[in-house]
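Since the structure comes first, as structure tokens, the remarks are kept for the end.
The values are calculated or read from the model by the stated rules, or taken from the named source; none is laboratory data. Here the structure is a predicted model, which is why all the values come from computation and not from measurement. As a convention, Cβ positions derive from the backbone with ideal geometry for all residues, glycine included, and neighbour counts pool all protein chains shown. Just the protein is used for accessible areas: all its heavy atoms, side chains included, with ligands, DNA and RNA removed. Shrake-Rupley method; radii C 1.70, N 1.55, O 1.52, S 1.80 Å.
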Amino acid sequence: MSHSEVNDSPLIIALDYPDQESALKMAGQLDPALCRVKVGKELFTAAGPAILEKLTGLGFEIFLDLKFHDIPATTAAAVAQAADHGVWMVNVHASGGRRMMDACRERLDKCSHKPLLIGVTVLTSMEAADLQELGCIDEPQDYVKRLAQLADSCKLDGVVCSARESSMLRQACSDSFKLITPGIRPQWAAANDQRRIVTPAAALEAGSDYLVIGRPVTRSDNPVDALKKILAETGLSSGL
Ligand code: C5P
């Protein structure tokens, strides 16, 4: 069964918590028919693979956001472990290069359960000066495009990018290439520490396939209401 037959929601809720108990308390308030969940480095380092089994048991599909970056054999072995845990999506840094991404693709193609394999382009915390200091003379936008096209040519399933890059990447990459975008804020939500924010509707309009949303839902007094409000704003609630 493809993921779209299970759940057509574009929303991925970031479970950014320091322990399993808090993450499960939030997940227990959410509805797996309306969203997926993201487990990142903080929660995974604190709670280990057990959190994946527990969230799967609650009916959630999981984006395991560990942004692997290592030699090809090590990275491929890590994504295969993620596949064994049954996650829906896993990611690696595209700057790990072609041989690393090829190794991950080949390894996942041999797994019975194949998570979506996603590349991270340029972290949105990096500015032109940060890239220059690393010896990268490209403008950030050009480097994002270069890495996304490299990931596409290695047959990755998509990239994480800013919604401000979605329309450019929609043109530059293949049609089925998925664009996953954080930095999403409904107009009624606080920006928190995010700077270049985009509303859910604008991100989908620009060509994003999945929206990563944390605090507007997880810090809301009523997370399910917040989630439904976002879906209603994007015009997607009726189809779910
Ligand atoms: O709470 P908020 O909606 O800002 O959470 C966004 C999530 O997306 C967090 O887990 C954050 O680490 C992640 N993220 C991001 N910007 C990126 C990549 C990931 O905000 N460029």
Please find, among Leu179, Leu147, Leu211, the residue that is in contact with a strand residue (DSSP E or B) (Cβ under 8 Å, 6 or more places away or on another chain), more than 19 Å from Lys38 (Cα to Cα), surrounded by 19 or more Cβ atoms within 10 Å (Cβ to Cβ) and not hydroxyl-bearing (Ser, Thr, Tyr). Leu147
Tell me the residue from Gly96, Gly158 that is of a type outside the set (Phe, Trp, Tyr) and farther than 28 Å from Cys35 by Cα, please. Gly96
Can you tell me which residue among Leu131, Leu169 is within 16 Å of the ligand (Cβ to nearest atom) and free of Cβ contacts under 8 Å to residues at least 24 places away in the same chain? Leu131
Identify, by number, the condition in (1) surrounded by 22 or more Cβ atoms within 10 Å (Cβ to Cβ); (2) in contact with a strand residue (DSSP E or B) (Cβ under 6 Å, 6 or more places away or on another chain) that Met101 doesn't meet. (2)
Residue list for the stretch 111-128, filter: under 30 Å from His85 (Cβ atoms) and either more than 13 Å from the ligand (Cβ to nearest atom) or basic (Lys, Arg) (or both): Cys111, Ser112, His113, Lys114, Pro115, Leu116, Leu117
Within the stretch 184-201, considering residues that are open to solvent by 10 Å² or more (accessible area, probe 1.4 Å), under 22 Å from Ala148 (Cα atoms) and touching a strand residue (DSSP E or B) at 6+ places or on another chain (Cβ under 9 Å), the one modelled with the highest pLDDT: Val198
With of a type in the set (Gly, Ala, Ser) and surrounded by 16 or more Cβ atoms within 10 Å (Cβ to Cβ) as the only criterion, which of Ala128, Ala33, Ala83, Ala50 stands out? Ala83
Is it true that some residue in the stretch 203-219 is in a loop (DSSP other than H, G, I, E, B), touching a helix residue (DSSP H, G or I) at 6+ places or on another chain (Cβ under 8 Å), within 15 Å of the ligand (Cβ to nearest atom) and touching a residue at least 40 places away in the same chain (Cβ under 8 Å)? yes
Members of the stretch 61-80 found to be part of a loop (DSSP other than H, G, I, E, B) and buried (at least 22 other Cβ atoms within 10 Å of the Cβ), listed by number: none
For Ser9: the one exception among (1) crowded, with 18+ Cβ neighbours inside 10 Å; (2) in a helix (DSSP H, G or I); (3) polar (S, T, N, Q): (2)
